[in-house]
Amino acid sequence: MTNMSRRLLLGSAAAAALLPVSALAQDAPDLSKLAEPPAHGEIVEGADTAKVTIIEYASASCPHCADFAMNTYPALKKDYIDTGKVRFIFREFPHNDAGLGGFMVARCAPPDKYRAMVDAMFKTQATWMPNPLEGLKAIAREAGMTEQAFNDCIKNVDIAKKILEERKRAEGFGVTGIPTIFIKGASEPGFKRFEGETSIEGLKAVIDPLLG
């Protein structure tokens, strides 16, 4: 993406916030602080008393993340999250300008609309990705955001910095590709990175034994 197109997408202030993204961590990842929420708030679904906690790092513009959201997450939500078995945490790891812009718009919406907006981005990636600025504006409009509110949001350097700070923190946990999933049972000492197939069958094979 050229400098000009980056400015068209995010505005010069928010685009500048892309610069401090750190190099990938070289040491073995320390997951001891993985459970600590981002400074700008956690996106959580499910009961606090759930026996299993899952953390997913994803980007709004990532095709593999969209595949997980469309083909695995609905069954995970129905069978595990809504039944109180799993506490699911969604965290932002934008891998390009479009992903950052998408998360900025979702963060500007009321908290109860965040997940629906991100899901809309996943479902319509093929439509909005060719022209992210106009595509995200259309998604924001559907969610009830005015054009002025959208324009103000997409230029908000504070929101961009907070999202990128969380990406930087995630790199310290060893997150490189996306989606990246961490799973922890209530009796487990800490989170473990899920390395298996991200189908619902693959997740069930890990979750069910942790439920006891």
Legend entry - Test: residue in the range 7-27 that is at pLDDT 95 or above and either surrounded by 13 or more Cβ atoms within 10 Å (Cβ to Cβ) or touching a helix residue (DSSP H, G or I) at 6+ places or on another chain (Cβ under 7 Å) (or both): no
Inset, instruction - Output the qualifying pairs, or none if there are none: Cβ atoms under 7 angstrom, residues six or more apart or on different chains, first residue in the range 34-46 and free of Cβ contacts under 8 Å to residues at least 60 places away in the same chain, second residue β-branched (Val, Ile, Thr). - result: Glu42/Ile89; Val44/Ile89; Gly46/Ile81; Gly46/Val86
Legend entry - Output for the range 88-117, where each listed residue is in a helix (DSSP H, G or I) and farther than 18 Å from Met145 by Cβ: Asp97, Gly99
Inset, instruction - Check off (1) buried (at least 20 other Cβ atoms within 10 Å of the Cβ); (2) among the small types (Gly, Ala, Ser); (3) modelled with pLDDT under 95 for Ala140 and give me the number that stays unchecked. - result: (3)
Inset, instruction - Give just the number: which of (1) among the β-branched types (Val, Ile, Thr); (2) out of contact with any Pro (no Cβ under 9 Å at 6 or more places or on another chain); (3) under 15 Å from Glu92 (Cβ atoms) does Thr124 not satisfy? - result: (3)
Inset, instruction - Out of the residues in the range 47-106 that are closer than 25 Å to Ala138 by Cβ and hydroxyl-bearing (Ser, Thr, Tyr), state the one that is nearest to the chain's Cα centre (by Cα). - result: Ser59
Legend entry - Of residues in the range 120-137 being touching a Ser or Thr at 6+ places or on another chain (Cβ under 8 Å) and either aliphatic (A, V, I, L, M) or under 14 Å from Met104 (Cβ atoms) (or both), the one surrounded by the most Cβ atoms within 10 Å (Cβ to Cβ): Met121
Inset, instruction - Tell me, yes or no, whether the range 185-200 has at least one residue that is among the basic types (Lys, Arg) and not in a strand (DSSP E or B). - result: no
Inset, instruction - Please identify the pairs in which a residue from the range 175-197 that is in contact (Cβ under 8 Å) with a residue 60 or more places away in the chain and of a type in the set (Phe, Trp, Tyr) has its Cβ atom under 6 Å from the Cβ atom of a residue that is in a loop (DSSP other than H, G, I, E, B) and surrounded by fewer than 19 Cβ atoms within 10 Å (Cβ to Cβ), counting only partners at least 6 apart or on another chain. - result: Phe191/Leu31
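Mind counting the residues in the range 118-159 that are part of a helix (DSSP H, G or I), of a type in the set (A, V, I, L, M) and in contact (Cβ under 8 Å) with a residue 60 or more places away in the chain? It would help to see each step written out before you state the result.
Applying the first criterion (part of a helix (DSSP H, G or I)) to the range 118-159 yields 118-123, 125-128, 132-142, 147-154, 157-159.
Next, from what is left, pick out any that are of a type in the set (A, V, I, L, M): 118, 120-121, 126, 133, 136, 138-140, 149, 154, 157, 159.
Right, trim to in contact (Cβ under 8 Å) with a residue 60 or more places away in the chain and you get 121, 133, 154, 157, 159.
Total meeting the criteria: 5.
Among the candidates Ala205, Ala106, which residue alone is of a type in the set (A, V, I, L, M) and without any contact (Cβ under 8 Å) to a residue 12 or more places away in the chain?
Working: Ala106 fails: without any contact (Cβ under 8 Å) to a residue 12 or more places away in the chain.
Exactly one residue qualifies, and that residue is Ala205.
Against the condition without any contact (Cβ under 8 Å) to a residue 40 or more places away in the chain, assigned to a loop (DSSP other than H, G, I, E, B) and not aliphatic (A, V, I, L, M), how does Thr83 come out, does it pass? Lay out the reasoning, then the answer.
On the way: without any contact (Cβ under 8 Å) to a residue 40 or more places away in the chain: yes; assigned to a loop (DSSP other than H, G, I, E, B): yes; not aliphatic (A, V, I, L, M): yes.
Spelling it out, Thr83 is indeed without any contact (Cβ under 8 Å) to a residue 40 or more places away in the chain, assigned to a loop (DSSP other than H, G, I, E, B) and not aliphatic (A, V, I, L, M).
The values are calculated or read from the model by the stated rules, or taken from the named source; none is laboratory data. Predicted, not measured: the structure shown is a model, and the values here were computed from it. Note that we place each Cβ from the backbone using ideal geometry, even for glycine, and neighbour counts take in every protein chain shown.
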